[in-house]
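Here the structure is laid out as structure tokens; the discussion comes afterwards.
The values are calculated or read from the model by the stated rules, or taken from the named source; none is laboratory data. Predicted model, so just to flag it, every value in this text is computed and none were measured. Here Cβ is always computed from backbone atoms with ideal geometry, including for glycine, and neighbour counts include all displayed protein chains.
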Amino acid sequence: MHEFATMQQIIYAILEEAKKCNAKEVSKVFLEIGELTFLGEEQLKFAFDILKEETILENAELIIEKVKAKIKCECGYEGGIEYGLKEEFHIAFPILKCPVCGGDVEIIKGRECLIKKVEMEIEDVAVKR
């Protein structure tokens, strides 16, 4: 379950940043997850709920924005990908070939796994005058 390991790293990064800011609480976490990461939204949320316990993220809400894959080909095609069906496994898999010419493509979107934004409550800092 690579979602759990991925979420561990995400939470670690957020806690490190929150510590630098003297945050008291994290209220919202916004992630951008590309469809080609094959990270399951429900599994990420489950891991988040477990890993946030007894931390300043305990009451935080996780908001995930899915990013559709986008490819680019030398023939000029730029757009989404197609999926093929692997019948013996009953799963759909991405076809990373140009749907127009069948050529190799460059992936330009869909591999993201980003912490887009974190909302946190920061302690008041006394200002010396």
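Filter the stretch 91-118 down to residues that are part of a strand (DSSP E or B) and touching a residue at least 60 places away in the same chain (Cβ under 8 Å) and give me whichever is farthest from residue 30 (Cα to Cα). First the steps, then the outcome.
Going through the stretch 91-118, the residues part of a strand (DSSP E or B) turn out to be 91-95, 97, 104-109, 113-118.
Next cut, touching a residue at least 60 places away in the same chain (Cβ under 8 Å) only: 107, 109, 113-118.
Numbers: 107: 23, 109: 18, 113: 11, 114: 9, 115: 6, 116: 5, 117: 5, 118: 6 Å.
Restricting to residues being part of a strand (DSSP E or B) and touching a residue at least 60 places away in the same chain (Cβ under 8 Å), the top hit is 107.
Of all residues in the stretch 79-93 being more than 23 Å from the chain's Cα centre (by Cα) and modelled with pLDDT of 75 or more, which is nearest to residue 35 (Cα to Cα)? Before the answer, list the steps.
Here is the first cut: in the stretch 79-93, the residues more than 23 Å from the chain's Cα centre (by Cα) are 84-90.
From what's left, modelled with pLDDT of 75 or more: 84-85.
Numbers: 84: 15, 85: 17 Å.
Selected residue: 84.
For the stretch 1-42, how many residues are in contact with a Cys (Cβ under 8 Å, 6 or more places away or on another chain), of a type in the set (Ser, Thr, Tyr) and modelled with pLDDT of 95 or more?
So the count comes out to 1.
Across the stretch 37-66, what is the number of residues that are surrounded by fewer than 18 Cβ atoms within 10 Å (Cβ to Cβ), within 16 Å of residue 110 (Cβ to Cβ) and among the aliphatic types (A, V, I, L, M)?
So the answer is 1.
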